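**Student:** To start, I am sharing the structure in question, which I have written as structure tokens.
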Amino acid sequence: MAQADDRQSKQSAGQQNDFRLSSDFESMMSLRNNAGSAGLRERAQDALYAGTPRRIIGNDDAVFDHNDPKIKEDIMKMIMQYLQDEGYFASMMTVQDEANVRVNENLRYRSQFKRIKTAIMDGEWAELEKLIQKTPLKDHQHFLYKFYKQQYLELIEQMEYQKAFTLLTKRLKPLEQLGNQHNEFKNLCYLLTCKCIHDAPFFKNWEGVAASREKLVEQFSSMLEIENNDSSVTRQEMQQHRLLHLLKQAVRYQIEFSRYHPKVLPNIPTLLEDYSCFVLPNAHRTTFCGHRSNVKCVDFIGEEGSMLVSGSSDNTVRVWNVEDGSCLRVLGDEDTDGGHTSRVWDVTSNATGDLVVSASGDSTIKVWNIRGTTNPACQMTLSGHEGDVYSAKYHQSSNYVVTGGYDKTLRLWDVRTGTLLRTFTGHKSSVSRVIFNPLGNLVISGSKDSTIKFWDLVSGVCVKTYNSHLGEVTCIEMNKDGSLLLSGSKDNSNRLWDVRGAKPMKRYKGHQNTSKHFVHAGFGPNESLIVGGSEDGLIYVWDATTEEVLQRLGNNSPSGHEDIAYRAIWNAHQSLLVSCSHDCTLKTWWYDEEQPLDPEDDF
């Protein structure tokens, strides 16, 4: 007992050392933090509510089939066009060879063809020789002969006999067998003794420099490897900079169809993620009523998030319309086959939003197909855990689900077949939360034993353990690129970890999380905010950088939760925050420019 107390005191002391700063440094940090939080409030005030996001076509696959070979070929053509436009010719050729996609050469080499034709008409022979070496021709040697012959005849016309003789011996002589007519090379040699090209009977029909250059241009076009008379190709010629054009269209779509519009048109800094106007939720929007007992869990369905799914201690799972708060489906009530017989601890959905998985206190995990029927039956039941199943999470591929529960284990399931693929053991107490990293090769778990563990998905080996929390870990979430991990525990703190360094970087305090089950926190808008529930019924919004509480949603408000707020989850596509509570309700939160942003106005 004494050793345990000593260990506890050492951990407390270490924790204080980790997060306590000198008074001078605290003052400096306070100034910087206040400036940073003020900047976030200013950014939030740039958002203008534009109404419900318009969604004309619900399923993107209805627009085109991305597995269609023609669509794939079009995409590869645009990629190769972009590489060519940027000067990455070798990369373009490599992509073409690997993809086995032939692009209209007139498009790929258009600028080069134009330069060659211009060089011929202007008589820039040195430049022309360089360009010809990089141009695909049906018979490269024949065109070289015609090119040198044209240059030679022009030198004779200009009476540059010495240069003509040099060109004849060094360039034309090696190619003399390529002459179009018998004894053509001998006639070229005879020109060196003539005062005019027309003095040679063989060239008496020569039309002059300009006309012969035009004829050479025609011969060049006819000798290209690509057929120029393909009308179908001509009709399908790509617009210049087609890929960039589509990307700009996509960004304009994202801005126009978002719930909030920027008051000033933004300069998009990256294309690696969808644009979303920065929003700082500050007001209640909709209350969802229908559950007959406390709501333990909630999540947006699919990436689009136009519906919500929630699980409750009334043993049911409910599907809701995000906009009007109406309940669309009840999974597991008396009218539904195969429902849960105990409280639902967690819910998750696949990326397309077709399937929902629920984890329950009846030791089972159920898979529901929510598309197409008003009251869908349970599609599959996964059994194997001993005791409550506290957490479930879909893999990015939508083929697998990982679960964790009271029996201290994690289990990986193939939800296509219902097969248990792997069991992960190593925690000393219940597993409260399980997730996948963004790459999908690791499973991360939080436990009541106060640790966070990283597991290799293939081998099942624990590759890393965090043990800095002083209380039970109730939640874990990872940012989009997998560099940061957010965790919450029953020591009244949420912590932000540097995954590479395996060290806590930030600690977010102010909320209550000590006694009730599984209060969760997660990343908010643009990952610059942290959002989370609390046992005092409020939804907390922190500045991720400064650790300052920016908002306490529901404080002294009749629209707030009346009891423990278990979770707060942000969806960028909907620009909404949703929370679930012990008061049997769910609530969405949004930005209302008529409401104050400074939390001090409310307290």
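The values are calculated or read from the model by the stated rules, or taken from the named source; none is laboratory data. Please read these numbers as outputs of a predicted model, since none were measured by experiment. Quick reminder, even Gly has a Cβ in these numbers, built from the backbone with ideal geometry, and neighbours come from all protein chains shown. When the accessible area is computed, the model is the full protein with side chains, heavy atoms only, and any ligands, DNA or RNA have been set aside. Shrake-Rupley method; radii C 1.70, N 1.55, O 1.52, S 1.80 Å.
**Student:** Beta carbons within 10 angstrom, averaged per residue: use that to sort the peptides 549-562, 185-198, highest first.
**Tutor:** Averaged packing, sorted descending, gives the order 549-562, 185-198.
**Student:** What is the spin-label model distance, in nm, from residue 371 to residue 247 if the labels are put 7 Å beyond Cα along the C-beta direction?
**Tutor:** If labels sit at residue 371 and residue 247, their model points lie 3.0 nm apart.
**Student:** Full-extension gain between residue 333 and residue 194, please, as 0.36 nm times their residue separation minus the C-alpha to C-alpha distance.
**Tutor:** Once the chain is fully extended between residue 333 and residue 194, it gains 39.5 nm.
**Student:** For residue 62 and residue 118, FRET efficiency with R0 = 45 Å and r from the beta-carbon atoms, rounded to 0.05?
**Tutor:** The pair residue 118/residue 62 has a calculated efficiency of 0.45.
**Student:** Here is a further query. Pop a pseudo-label 7 angstrom from the Cα along the beta-carbon direction at both residue 70 and residue 479 and give the gap in nm to one decimal.
**Tutor:** Roughly 4.4 nm, to one decimal.
**Student:** Heavy atoms only, 1.4 Å probe, whole protein assembly: order 49, 260 by accessible area, highest first.
**Tutor:** My answer, sorted largest first, is 49, 260.
**Student:** I want to verify the translational diffusion coefficient of the range 80-212 in µm²/s; compute it with Stokes-Einstein, Rh as the Kirkwood radius over Cα pairs, at 4 °C and 1.567 mPa s.
**Tutor:** 77
**Student:** Can you pick out the pairs among 503/587; 453/509; 77/130; 114/195; 77/149; 428/587 whose Cα atoms lie more than 32 Å from each other?
**Tutor:** 503/587; 114/195; 77/149; 428/587
**Student:** Per residue, what accessible area does the chain have, given a 1.4 Å probe and all protein chains present, in Å²?
**Tutor:** 49
**Student:** Further, regarding this structure: Treating only the Cβ of Lys, Arg, Asp and Glu as charged (+1, +1, -1, -1), what charge dipole size does the chain show about its Cα centre? Round to the nearest 20 debye.
**Tutor:** It works out to roughly 1680 debye.
**Student:** So what's the range 371-434 giving for Cα Rg divided by 2.2 N^0.38 Å, two decimals?
**Tutor:** In units of the 2.2 N^0.38 Å rule of thumb, it is 1.20.
**Student:** Mind checking the angle between helix 140-157 and the chain's longest principal axis? C-alpha axes, 0 to 90 degrees, to the nearest 10.
**Tutor:** 50
**Student:** Still on this structure, I have one more. Please work out how much length the chain gains when fully extended from residue 99 to residue 502, using 0.36 nm per residue of separation minus the C-alpha to C-alpha distance, in nm with one decimal.
**Tutor:** Here the segment from residue 99 to residue 502 would lengthen by 141.0 nm.
**Student:** Give me the three principal axis extents of the range 288-380 from the C-alpha atoms, as integers in angstrom, largest value leading.
**Tutor:** That works out to 30, 26, 21 Å along the principal axes.
**Student:** Which value at 222 nm does the chain reach when only helices count, each DSSP H run of 4 or more adding -39,500 (n - 2.57), with the total divided by all residues and rounded to the nearest 500 deg cm²/dmol?
**Tutor:** -8500 deg cm²/dmol
**Student:** How much length would be gained if the chain were fully extended between residue 85 and residue 38, taking 0.36 nm per residue of separation minus their Cα-Cα distance, in nm to one decimal?
**Tutor:** 12.6 nm
**Student:** Using label points projected 7 Å from each Cα along Cα→Cβ, tell me how many nm separate residue 326 and residue 141, to one decimal.
**Tutor:** 7.9
**Student:** Amide H of residue 363 versus every other amide H placed in the peptide plane: which residues, excluding those fewer than 5 positions away on the same chain, fall under 5 Å?
**Tutor:** HN-HN under 5 Å from residue 363: 389.
**Student:** Let me ask something else. Taking every pair of distinct Cα atoms and averaging 1/r, then inverting, what Kirkwood hydrodynamic radius in Å comes out for the chain?
**Tutor:** It is 29.3 Å.
**Student:** With just the Cα atoms of the range 466-564, tell me how far they stretch along each of the three principal axes, in Å, largest first.
**Tutor:** 43, 29, 19
**Student:** Per Stokes-Einstein, at 4 °C and 1.567 mPa s, what whole-number D in µm² s⁻¹ belongs to the range 422-525, with the Kirkwood radius over Cα pairs as the hydrodynamic radius?
**Tutor:** The Stokes-Einstein estimate is 95 µm²/s.
**Student:** Further question: Can you give the alpha-carbon Rg of the range 165-209 over 2.2 N^0.38 Å, where N counts its residues?
**Tutor:** It is 1.14.
**Student:** Going 7 Å from the Cα of residue 162 toward and past its Cβ, which residues in the range 183-204 have a backbone nitrogen under 19 Å from where you end up?
**Tutor:** Taking a point 7 Å out along Cα→Cβ of residue 162, the residues of the range 183-204 whose backbone N falls under 19 Å are 192-195.
**Student:** I need the phi-derived Karplus couplings for the range 477-493: 6.51 cos²θ - 1.76 cosθ + 1.60, θ = phi - 60°, integer Hz, Gly and Pro marked x.
**Tutor:** Calculated HN-Hα couplings, in order: 9, 10, 6, 5, 8, x, 8, 10, 10, 9, 9, x, 8, 7, 10, 6, 8 Hz.
**Student:** Assuming R0 = 30 Å, can you tell me the calculated FRET efficiency for the pair residue 207 and residue 240, based on Cβ-Cβ distance, to the nearest 0.05?
**Tutor:** Efficiency at R0 = 30 Å is approximately 0.25.
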